[in-house]
Amino acid sequence: MKADSPFNHRPDRALGKALRELLTPTDHDAFVSHVVANARHEFERPASSGPWDVLGAWMSPGLAAAALLVLAALVGLQGNRPVERVTIDDELSATAQNVEQRVLMYGPAAPDVDVVLVSGY
Amino acid sequence: MNLKQQTRETVSGVREVDPVEIEWAARAHAGDIEAFGRLVDRYGEQARRVARGILGDQHDGDDAAQDAFLSALRNLGRYDPSRPFGPWLMRIVSNAAVDRQRRNKVRATEALSPSAPARAAGPATETDRRSMLAALREGLRKLPQRQRTAVTLFDVEGYSHAEIAEILKVPQGTVRSDVFHGRRALRPTLRPWQDWKEETI
């Protein structure tokens, strides 16, 4: 059997040498340092934290979230205050005694003269 | 590092367990990062060659090799110390590389740049060497992934067919076939540089 026969069950030195040259890196020490540093980073951190540490870590973002929530609620309340508008109910319920100035001013129809006179405006 | 210096083989070609490696593995499993570093130092080049061979890309190969080492560290509890460390690690390397290959399927292959010259070479010789390596790189890239892995493990790293079968979880006959077909495809790429080949052996 020829040395370079594909059937040869021994490693092909020429092919192996050429492939080794193609694939072998030149920065072995840097690679080792990099992997070891990553391993150290991953495996040497504290195994577990106590509940108070966890709660402490959550405190700052929790406070910030609560402040934002309060602010949003205040803005929401301000925005949801009912706008005073003259409705048909206002006009129907307006009598000489309880009529308001806004009903007289902004109502779609002219008020009755009796109402105007009695309202005192 | 010479492979022969770092592994001990029986007459049948199957590696023996190296007690030093077992000790490093045990210490690393217990959290000794320095012991882990010794394993990385011993197997780093081999792991990178295998991963580069599988992926055809030096950066991806190095990333896969690093993933494999960290994965090995996480899973040292599963390592059977009655068996040699190298094949166990190479199985993890092979899996990491194949996994990365799946994820990077779309990414264009970046050329494997030849490493520094192994010997002093004149301009003509250096050009020949680079041409030969470029042809070999292209030939390797065209091989099916399992053939690339089998040829790299067999002809570059010196693993036996039985060990490669264990690493790749395929029958030995499949490994022999993969090595055969891989060699048959790669050898013609070396032929034009026969002089270089004979000179360097």
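Computed from the coordinates by the stated procedures, all read-outs in this text should not be read as laboratory data. Please read all numbers here as calculations on a predicted model, not as lab measurements. Every residue, glycine among them, receives a Cβ derived from its backbone with ideal geometry; neighbour counts consider all protein chains shown.
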What's the magnitude of the charge dipole for the stretch B:16-113 around its Cα centre, counting Lys and Arg as +1 and Asp and Glu as -1 at the beta-carbon? Answer in Debye, nearest 20. 460
Beta carbons within 10 angstrom, averaged per residue: use that to sort the peptides A:38-44, B:70-76, highest first. B:70-76, A:38-44
Most to least packed among A:70-78, B:175-183 [average Cβ atoms within 10 Å]: B:175-183, A:70-78
Arrange the following residues from fewest to most other Cβ atoms within 10 Å of their Cβ: B:Thr152, A:Thr26. A:Thr26, B:Thr152
Taking the beta-carbon count within 10 Å as an exposure proxy, list B:Tyr159, B:Tyr43 from fewest neighbours to most. B:Tyr43, B:Tyr159
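What's the exposure ranking of B:Lys169, B:Lys142, going from fewest to most Cβ atoms within 10 Å? Walk me through the intermediate numbers first.
Working: B:Lys169 10, B:Lys142 13.
Lowest count first: B:Lys169, B:Lys142.
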